[in-house]
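A short reminder: the numbers here are calculations on the coordinates, not readings from a lab. Not measured: the values here are computed from a predicted model. Note that each Cβ is placed from the backbone with ideal geometry, even for glycine, and that neighbours are counted across all protein chains shown.
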Amino acid sequence: MNTKEIAHPVAELSAVSKSFKTAGGHELKVLENIDLAVNQGELLALLGQSGSGKSTILRCLTGLVEPTSGRAMANGKTLDGVNPNASVVFQTFALYPWLTVEQNVAVGLMAHKVSRADRDAAVDKAIELIGLGNYHAAYPRELSGGMRQRVGIARALVSQPKLLCLDEAFSALDVLTAENLRQELISLWRSQENGLSSIFMVTHNIEEAVEMANRIVVVFPRPGRLGLVLDNPLPYPRDTKSPEFQRLVSIIHESITTMTLPDLPAEVPVAGQPISRGRMRMESIPFVPVGQILGLMSILNDSPELSNIYDISDEIGKEFGETISIVKAAEILELVDTPKQDVRFTDLGRKFVASDRVGRRKIFSEQVFKLRLFHIIIALLHENEEVEADRVIKDIASALPYDNPERVFQTMIAWGRYAGLMDINNKTRMVFVPEEDEEVAAGDTRH
Amino acid sequence: MLALFSLLWSALHFGKGMLVHFDDTVVLQIDSSPSQIPYYAGRTLLRMWIAFSFSLFFAIGTGYLAAKSKTARAFILPALDVLQSVPVLGFLSATVVGFMALFPGSLMGVECAAIFAIFTGQVWNMAFGFYHSMVTIPTDMQEAASTYGLSPWQRFKTVELPASAHSLIWNSMMSFGGGWFFVAQSEAISVMNKDIKLPGLGSYMAAAIDKGDNSAALWAVVAMVVLIMASDQLVWRPLLAWADKFKIELTESATPATSWVYNLLRGAYVFTWFDENVLQPIADALSKVSLPVPVKAARLRKRHKRLLWRAIGVLIGLWVASEVLSGLYAAVQVLHGALSVELVLHVIWLGFLTLLRVAAMTVLATLIWTPVGVWIGFQPKVARFAQPLAQIGASFPVNMTFPIVVGFFVAAHIPMNWGSILLIAMGTQWYILFNVIAGAMAIPNDLKEASRVYGLRNWDLWRTMILPAIFPFWVTGACTAAGGAWNASIVAELATWGDTTLKADGLGAYIADVTKTGDTPMIILSIAVMSLFVVLMNKFLWRKLYAFAERRFRLD
């Protein structure tokens, strides 16, 4: 804690909240009450799933986006516009396709008053430093993704910024290129060459954060808020296979899992009422296609040895965040249970995988019907034959203020279609209950 | 249903007027009371739609042929290229004479000439557009169609037409917008020293100005704007919104086209009824014609068929070639002896003067509208209103208002040599404006953010990001504007206000002059020279700029 007190923040957010308007005109709260400081000399990683608001935090910190409330500060002073001492490396590179490598890098110095000779020297140095020596006159479109991102990094470093921000800088690159670039950036930062001292990176990749950062902050979505804060004292270069490294990774895994899949006490059944967590509390649904839930169920069935959520993530080759979403979807449908880090079939889940196509649809339909969110919308649909999509989206927006109602709606339609509970006519934009076909009719009469 | 009936009624009602007996010694009187405006507007609109229907079929036909047959392509593409460069207005008088000979004693001939002028003004661009979208259909879609053994007709209606629908509708909208200029011009023309007027908004305007009836002129302008906006809102916007589903792209577009009419009509019972009772029977009847045949017989028949098609193709080709040759021969006959070197040089010199005017217009419009367009494009809220407005501005036939502006020139003693630049710019500047707006709107967000992070301001921002990013769009706009300017020069370099006729030195005024007096050799010569100028400009300037923009300033 001692080091924290003498730490000098180069950039800071204090009680920052941010709201956006969605395409459908709904107010969406993306960040709530964020306090975050990037200290002099540290490499801070902000870790979160897509849609958690981490990119918005980066934009508030650099002044690209103005907070709805709260303050963004640089070196103790409130930011007015873009932070002149920060530079950003973008996920999409954001290179000007009509400028050569050299000219692109020189853009980083354009706003600085330097002589032509000084500028050329600085550009040359940055290009050499980042290993683009022979590419001075090339255009970005002639370069591979990795080389393009090197140009992006050189452009960000050429003005010797006090703070370097990386916005998912490695996610558009293939695994080998990304690893190579990460290592080079770490050694640049450690050598303190080129004046590079503080780095703020945003990523969804847990290993990447543990490999690079000496402090990690996990951000949780809807609305974006900070969770676990973790110091990472492991010495560089870090061995991703070492037990210490794996321990840190699993601490983060655990924190995300308990936040996303909490072990709630079972609810007390009420006679004649469907029993479900989703029924008692208004809860959003993960934006997961039905096919992925079915896929998860059959993988669990085929490989009984898979019980840990990380192993499942490896097995299905998805990001941890995505895996969590799929598991969560199966969990709110009561097909699996997730004590701690494990994923286990419930009795219903076992029955589900043993059923044929019709039986599965029936179970799915029953479970979806129990979710409070669906319950409300379907009740609305039974009152009126057809309901306008906009009306449904509005209802969703008022029930779930932190979610993007259009996306919730699309997921609901996808699930509802498979379950045979609701459908939309995209010509008229009307939501309706489809005619019961015989397959599912038997299931519906039970309610 | 009501809409269908009313459509039928209006076509009959306004169409009846076309067959009215016409005596070429009596000039048709245009009634300039405002209550007649709806009738005249209807006539103008009918002309537009007839011409557009011909354009659509012709564009699809030639585009399809060019995409499917290598031989046809070798002829069609260069032909379209040249035809696109020919100033339509120069031909107007010639076609009027020709069509009048076809329909003696009836206004039908003039009517046909007007429709033909609109047709030639819009068709080439549409044919090019359709050809281009036909050849850029993703290969996998074509391969899938081959795998399932679709007949050419099935393939056309399930793959090729839907895949081209969006670009076809977009091009149609732009071409239709360009058509207003020609309809207004062709309704009141003078050929062989005779004034011929077709009932319509253009002639109404001309009559009103002749009489100095300002309120009637104003009414005509208002009616024209209403007509253009109604076509835009009631026909083109709904069609574009509907065609959004035919766009071939994987990600949903950030700003899908919307139209209140489309939202209103979507899912209406009429369409279902129309589909079930009209379209489907037609489609069934058509598909019966091309029933799949057993493979062996099919192969044999295919060979016969191919021979047959080739024979037909050769025949058509021979016919077109003989027509062109006899036309050329006739032209040479007429020109023979009527030309001298000095005369040709004089016409070319006039061409240079008009070229200067076209260049001046392009430069001025660019200097004025680029900053405005970029400013608008950067404010999504403003752009949503401004872009359609600029499009309507481009559609409005400003030539209707030329006499008024010329009156101002007379009063202010502005020489026509300079004033005509303004007249030309009045109609063509909008193409530059709305393309610049589109370009500024298309700049990706990450590039904008990078510019902000690196503190680019003022000139640095313009030369690093804005100018390169809008350049390809500017080329499109400037090329269209310049092409339109050549056509406009024919009506802009020679204009009348009451008894005063103002004339600028230029090829446009020269063409206007010789068509008025019916001096055939000079008409041929001057139009040929102007076409040559346009073709050379396209080849040595715009084509080069397009290629340069594509090579250097493409966003990817």
| field | Unit charges on C-beta of K, R, D, E only; dipole of chain A, Debye | value | 1060 debye
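To the nearest 20 Debye, how big is the dipole of the protein assembly as shown about its Cα centre, given +1 on the beta carbon of each Lys and Arg and -1 on that of each Asp and Glu?
Details: 86 positive and 90 negative charges, 371 e Å.
Computed about the Cα centre, the dipole is about 1780 debye.
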| remark: Pseudo-spin-label distance B:GLN233 to B:GLU143, built 7 Å along Cα→Cβ, given in nm, is 4.8 nm
| field | Positive-pole candidate from B:PHE402, A:ASN426, B:GLY477, dipole of the protein assembly as shown, charges at beta carbon | value | B:PHE402
| note | For the range B:337-556, the charge dipole (Cβ of Lys, Arg +1; Cβ of Asp, Glu -1; about the Cα centre) points to a positive end, and the Cα of B:ILE466, B:GLY506, B:LEU541 closest to that extreme belongs to B:ILE466
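Using the Cα centre as the reference, give the magnitude of the dipole from point charges on the C-beta atoms of the range B:31-247 (Lys, Arg: +1; Asp, Glu: -1; all else neutral), rounded to the nearest 20 debye.
Working: 13 positive and 12 negative charges, 85 e Å.
In total the dipole reaches around 400 debye.
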| Ranked by Cβ crowding within 10 angstrom, fewest neighbours first, how are B:VAL86, A:VAL229, A:VAL16 ordered? | A:VAL229, B:VAL86, A:VAL16
| note | Once amide hydrogens are built 1.01 Å from N within the peptide plane, the residues lying 5 or more places from A:GLU388 or on another chain with amide H under 5 Å from its amide H are A:VAL431
| remark: Scalar couplings 3J(HN,Hα) for the range A:154-160 by Karplus 6.51 cos²θ - 1.76 cosθ + 1.60 (θ = phi - 60°), nearest whole Hz, x for Gly and Pro, are 4, 4, 6, 8, 4, 8, 6
| query | If the label point is 7 Å along Cα→Cβ of A:VAL114, which residues in the range A:146-174 have backbone nitrogen under 19 Å from it? | reply | A:150-165
| remark: Listed by chain and number, the aspartates and glutamates with an alpha carbon less than 18 angstrom from that of B:LYS157, same-chain partners under 8 positions apart left out, are B:ASP140, B:GLU143, B:ASP244, B:ASP275, B:GLU276, B:ASP284
| request: Take each of the peptides B:422-429, A:377-384, average the number of other beta-carbon atoms within 10 Å over its residues, and list them starting from the highest. | output: B:422-429, A:377-384
| remark: The answer for A:GLY227, listing residues at least 5 apart or on another chain whose modeled amide H is closer than 5 Å to its amide H, is A:VAL218, A:VAL219, A:PHE220
| Mind listing the phi-derived Karplus ³J(HN,Hα) values for the range A:291-304, rounded to whole Hz, using 6.51, -1.76 and 1.60 with θ = phi - 60°, and x for any glycine or proline? | x, 6, 5, 4, x, 4, 4, 6, 5, 4, 6, 6, 10, x
| Near B:LYS197, which lysines are there with a Cα under 16 Å away, not counting those fewer than 8 places off in the same chain? | B:LYS211, B:LYS516
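Residue by residue through A:74-87, how many Cβ atoms from other chains fall within 10 Å of the Cβ on average?
Details: counts 0, 0, 0, 0, 0, 0, 0, 2, 6, 2, 3, 0, 1, 4.
Across the residues of A:74-87, the mean count of other-chain Cβ atoms within 10 Å is 1.
Using a 10 Å cut-off around each Cβ of peptide A:104-110, what is the average number of partner chain Cβ atoms that fall inside? Intermediate values should be presented prior to the final figure.
Values: counts 2, 0, 2, 9, 4, 2, 9.
Taking the mean over all residues of the peptide, I get 4.
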| note | Plugging the Cβ-Cβ distance of B:VAL344 and B:VAL382 into 1/(1 + (r/R0)^6) at R0 = 45 Å yields, to the nearest 0.05, a FRET efficiency of 0.35
| Do you know the relative contact order of the range A:309-446, to the nearest whole percent, from alpha carbon pairs under 8 angstrom that are 6+ apart? | 20 percent
| query | Across the range A:2-257, how many lysine pairs, 8 or more apart or on two chains, come within less than 16 Å at their alpha-carbon atoms? | reply | 5
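Just from its helices, what would the mean residue ellipticity at 222 nm be for the protein assembly as shown, if runs of 4 or more DSSP H residues each count -39500 (n - 2.57) and the sum is divided by every residue, rounded to the nearest 500 deg cm²/dmol?
Details: 43 runs with 607 residues, N = 1003.
Calculated at 222 nm, the ellipticity per residue is -19500 deg cm²/dmol.
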| field | Residue (of A:LEU373, B:ALA440, B:HIS132) at the positive-pole extreme of the protein assembly as shown, dipole from beta-carbon charges | value | B:HIS132
| field | Spin-label model distance (nm) - B:LEU356 vs A:PHE287, 7 Å beyond Cα toward Cβ | value | 6.1 nm
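Calculated FRET efficiency, A:ALA379 and A:ASP356, Cβ-Cβ r, R0 25 Å, to nearest 0.05? All intermediate terms of the calculation are to be shown ahead of the outcome.
Numbers: r = 30 Å, r/R0 = 1.20.
That pair, A:ALA379 with A:ASP356, gives E of 0.25.
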| message | I need the calculated FRET efficiency for the pair A:ASN301 and A:THR258, taking r as the beta carbon distance and R₀ as 25 Å, to the nearest 0.05. | response | 0.45
| note | Working note, the range A:277-444: Cα radius of gyration (Å, one decimal) and Dmax (Å, whole number) are 16.2, 48
| request: Name the aspartates and glutamates eligible as straight-distance cross-link partners of A:LYS394: C-alpha to C-alpha under 20 Å, and not fewer than 8 places from it in the same chain. | output: A:GLU27, A:GLU283, A:GLU383, A:GLU385, A:GLU386, A:ASP403, A:GLU406, A:ASP423
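Counting DSSP beta bridges in the protein assembly as shown, what percent are antiparallel, to the nearest 5?
If I count the DSSP bridges inside the protein assembly as shown, around 65 percent turn out antiparallel.
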